[in-house]
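These notes are about the structure you will find just below.
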Amino acid sequence: MADASIEFKGSSFTLSVLHLRTSKLADIRADLIKKVAQAPDFFYLVPVVVNIEKLVGGIEYQAIKALIEEFNFTFVGFTGDIATEQRKLIRELGFSFVNTTKVSTAKQTAIAQESVTKIAASAECHLYTDKVHRGQVRSGQQLYAKNQNLVVIGSVSAGAEVIADGNIHVYGSLRGRAIAGAKGHHKAQIYCQNLEAELVSINGNYWLSESMQQHWGSPAFIHLTDSELTSSKLI
Amino acid sequence: MARIIVVTSGKGGVGKTTSSAAIGIGLALKGHKVVLIDFDIGLRNLDLIMGCERRVVYDFVNVINGEATLNQALIKDKRVSSLSILPASQTRDKDALTKENVGKVLEELAKTFDYIICDSPAGIEAGAMMALYYADEAIVTTNPEVSSVRDSDRILGMLASRSRRAELGLEPIKEHLLLTRYSPKRVEEGEMLSVEDVVDILSIPLLGVIPESQAVLKASNSGEPVILDIESDAGKAYQDVIDRLLGETVEFRFLVAEKKGIFSRMFGG
């Protein structure tokens with residue numbers, strides 16, 4: 001039968017780790033005073049794990065814990081790449097020893113980074129080819145350039161919709177809707193020779209025509225600056 | 001080779017039937033063999049405009065269903081002998097038409113006639129699609145106001161994607177813009193889109209501009225197509241349309257408001 005009132009589950013948290021380079025309590029205290037003085041609120045009740053792997057000789061575990069708590073940190077335990085006997089000792093003294101998953105985390109991060117780079121690279125590659133449409137895009141028509149830029153040699157009528165995962169270029173008037181960076185691409189841009197659009201959208205940020213008054217009826221391009229849509233003069 | 005021309009618009013009441021009738025008569029007067037087909041099944045109007053409503057015995061749907069031959073259904077115009085009318089049915093609905101049976105009728109007509117003018121119903125439903133499907137050319141009838149222009153734009157999209165020529169990847173339908181009910185005075189006052197505005201939005205060649213005219217209403221009610229009223233400005237404008245359709249270059253008329261002379265201003269003329 002399951003325990004109705006409690007449940008244990010593993011979770012990952014970000015904890016501050018205090019790396020000690022000396023076991024001299026006076027020196028540690030002096031540096032802590034300086035550090036905490038910089039941002040007293042920030043450190044208040046912050047859970048801290050103390051890394052002792054750099055310390056040699058006798059370590060005053062109890063004193064270190066007391067010192068940490070004196071500065072209003074919440075002491076969690078000790079950590080570090082240390083011998084098994086020392087870990088055992090720490091536990092016998094009544095402190096937690098927190099195992100780091102440093103190596104595996106580093107590996108995971110590396111893998112994650114790699115895949116991110118790969119995805120980004122593949123996306124970038126796709127975005128460089130163009131889908132070219134010659135002629136008007138009429139009311140009621142929809143054009144989608146999947147993993148491509150969209151080039152329209154003609155105008156996009158009111159009631160028409162042009163969508164691209166990359167950029168949109170309209171060599172004519174843009175009177176309908178233009179949605180660039182449809183799959184999420186914050187660097188996507190929309191260019192047109194005459195801005196009279198019903199709606200423009202980049203990476204999910206959109207503008208209705210009332211927001212485009214600054215460059216209304218003139219050649220312009222729309223882009224994102226700090227996730228805010230911006231229009232700029234084209235010529 | 002017969003030229004199949006659809007007169008279409010998307011929006012209703014812009015002057016498709018008036019224009020079909022005028023263009024049909026105009027081409028026939030130039031000596032061409034012309035047939036006018038009313039595709040507006042259930043809302044038959046072309047026969048009224050042409051003044052032959054009392055002579056309708058068989059209609060388009062009867063021909064399609066094999067209840068009458070084409071020769072029985074075609075009505076010869078009393079004014080111009082080279083013009084015939086194939087009226088729509090007033091009692092059936094548009095589902096009577098299919099691509100196959102319309103195709104057969106058009107093929108048959110193409111043997112005798114030089115021009116087949118298809119008067120399309122309004123809307124973008126099956127009836128309108130049927131009227132434009134076999135077209136070689138399209139006369140897109142538009143009023144100078146935003147909703148009409150928007151609907152014409154939609155129809156232009158259909159012409160480019162849903163027609164037989166589009167489906168078979170043939171040369172696209174030749175598109176013409178016919179601007180009707182144009183009032184230069186109201187354009188000047190900013191109440192109406194100008195010719196330039198409409199041409200800019202639709203981006204197709206301009207075939208003609210028909211001025212808003214009392215003559216059109218009078219013509220419709222009397223069953224005498226306005227092109228026969230050679231004194232009226234609308235009649236003259238349709239004449240120009242015929243010349244342009246036949247490949248001539250004709251200057252556009254009736255684009256600016258008439259200035260009132262000093263006498264008419266003084267005496268309130």
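The accessible surface of segment B:189-258, taken with every protein chain in place and a 1.4 Å probe, is 51 percent carbon and sulfur. Across the cross-link table entries A:LYS131/A:LYS183; B:LYS16/B:LYS76; A:LYS131/B:LYS99; B:LYS16/B:LYS78, which are compared at the Cα atoms, the separations over 27 Å belong to A:LYS131/B:LYS99.
Ignoring ligands, DNA and RNA, what percent of the 1.4 Å accessible area of chain A is carbon and sulfur?
Details: 7870 of 14640 Å².
The C+S portion of the solvent-accessible surface of chain A is 54 percent.
Overall form of segment B:111-232: oblate. Here a/c, set by the Cα gyration tensor axes a ≥ b ≥ c, is 1.5 or more, and a/b is not larger than b/c. Can you figure out the FRET efficiency of B:ARG54 with A:SER209, using R₀ = 45 Å and their beta-carbon distance, to the nearest 0.05? With a Förster radius of 45 Å, E is 0.30.
Taking square-rooted eigenvalues a ≥ b ≥ c of the alpha carbon gyration tensor, is segment A:124-233 rounded, prolate or oblate, where a/c under 1.5 means rounded and, failing that, a/b exceeding b/c means prolate? Write out the running numbers ahead of the final one.
On the way: a/c = 1.59, a/b = 1.04, b/c = 1.53.
Note, shape of segment A:124-233 comes out oblate.
Positive-end ranking of B:PRO211, A:VAL162, B:VAL256 along the dipole of the protein assembly as shown, with charges on Cβ about the Cα centre, is headed by A:VAL162. Just to confirm the number: angle between the C-alpha axis of helix A:61-70 and the first principal axis of chain A, 0 to 90 degrees, nearest 10? Computed tilt is about 50 degrees. Helix A:102-127 and the longest principal axis of the C-alpha atoms of chain A enclose an angle of approximately 10°. Each residue of segment B:252-258 was assigned a 3J(HN,Hα) from its phi angle through the Karplus curve 6.51 cos²θ - 1.76 cosθ + 1.60 (θ = phi - 60°); the sequence is 7, 10, 6, 9, 10, 5, 5 Hz, with glycine and proline shown as x.
Kindly list the residues of segment B:15-38 that lie in the label zone of B:GLU145, defined by a backbone N under 15 Å from the point 7 Å along the Cα-to-C-beta vector. The answer is B:15-16, whose backbone nitrogens lie closer than 15 Å to the label point.
Computed across segment B:1-144, the Kirkwood radius stands at 14.7 Å (inverse of mean 1/r, all Cα pairs).
Taking the Cα centre as origin and putting +1 on Lys and Arg beta-carbons and -1 on Asp and Glu beta-carbons, what dipole magnitude results for chain A, to the nearest 20 debye? Mind dumping the intermediate values first?
On the way: 23 positive and 22 negative charges, 110 e Å.
Dipole size: approximately 540 debye.
Rolling a 1.4 Å probe over the protein heavy atoms of segment B:114-177, with every protein chain left in place, gives an accessible area that is 50 percent carbon and sulfur.
Which value, in debye to the nearest 20, gives the size of the charge dipole of chain B about its Cα centre, when Lys and Arg are +1 and Asp and Glu are -1 at the Cβ? Could you put the intermediate results ahead of the total?
Values: 32 positive and 39 negative charges, 99 e Å.
Dipole about the Cα centre, nearest 20: 480 debye.
Interface burial in segment B:149-164, defined as at least 20 Å² less accessible area with all protein chains than with the chain alone at a 1.4 Å probe, covers B:ARG150, B:ASP153, B:ARG154, B:GLY157.
Heavy atoms of chains A and B lose about 800 Å² of accessible surface on contact, summed over both sides with a 1.4 Å probe.
When the protein assembly as shown is described by a simple charge dipole with +1 on each Lys and Arg Cβ and -1 on each Asp and Glu Cβ, the residue from A:GLY94, B:LEU83, B:MET1 located farthest towards its positive end is A:GLY94. For A:LYS187, the aspartates and glutamates whose Cα comes closer than 15 Å to its Cα, not counting residues fewer than 8 places off in the same chain, are A:GLU124, A:ASP165, A:ASP226, A:GLU228.
Think of a 1.4 Å ball rolled over the protein heavy atoms: the protein assembly as shown then has 54 Å² of accessible area per residue.
Report the calculated FRET efficiency for B:ILE230 and B:SER81 (r = Cβ-Cβ distance, R0 = 22 Å), to the nearest 0.05. Please report the intermediate quantities before stating the final value.
On the way: r = 19 Å, r/R0 = 0.88.
Given R0 = 22 Å and the Cβ-Cβ separation, E is 0.70.
A straight line joining the Cα centroids of segment A:149-176 and segment A:1-71 runs 58 Å. Counting only DSSP beta bridges with both residues in segment A:135-235, the antiparallel share comes to about 40 percent.
Placing +1 on each Lys and Arg Cβ and -1 on each Asp and Glu Cβ, with no other charges, gives segment A:137-232 a dipole about its Cα centre of roughly 300 debye.
The slack between A:ASP130 and A:ASN99, meaning 0.36 nm per residue of separation minus the straight C-alpha distance, is 6.0 nm. Taking label positions 7 Å along the Cα-Cβ direction at both A:ARG29 and A:ARG87, the computed distance is 3.3 nm, reported to one decimal.
The values are calculated or read from the model by the stated rules, or taken from the named source; none is laboratory data. Please read all numbers here as calculations on a predicted model, not as lab measurements. Backbone-built Cβ (ideal geometry, glycine too); neighbour counts: all protein chains shown. Ligands, DNA and RNA are excluded from the accessible area calculation, which covers all protein heavy atoms including side chains. Shrake-Rupley method; radii C 1.70, N 1.55, O 1.52, S 1.80 Å.
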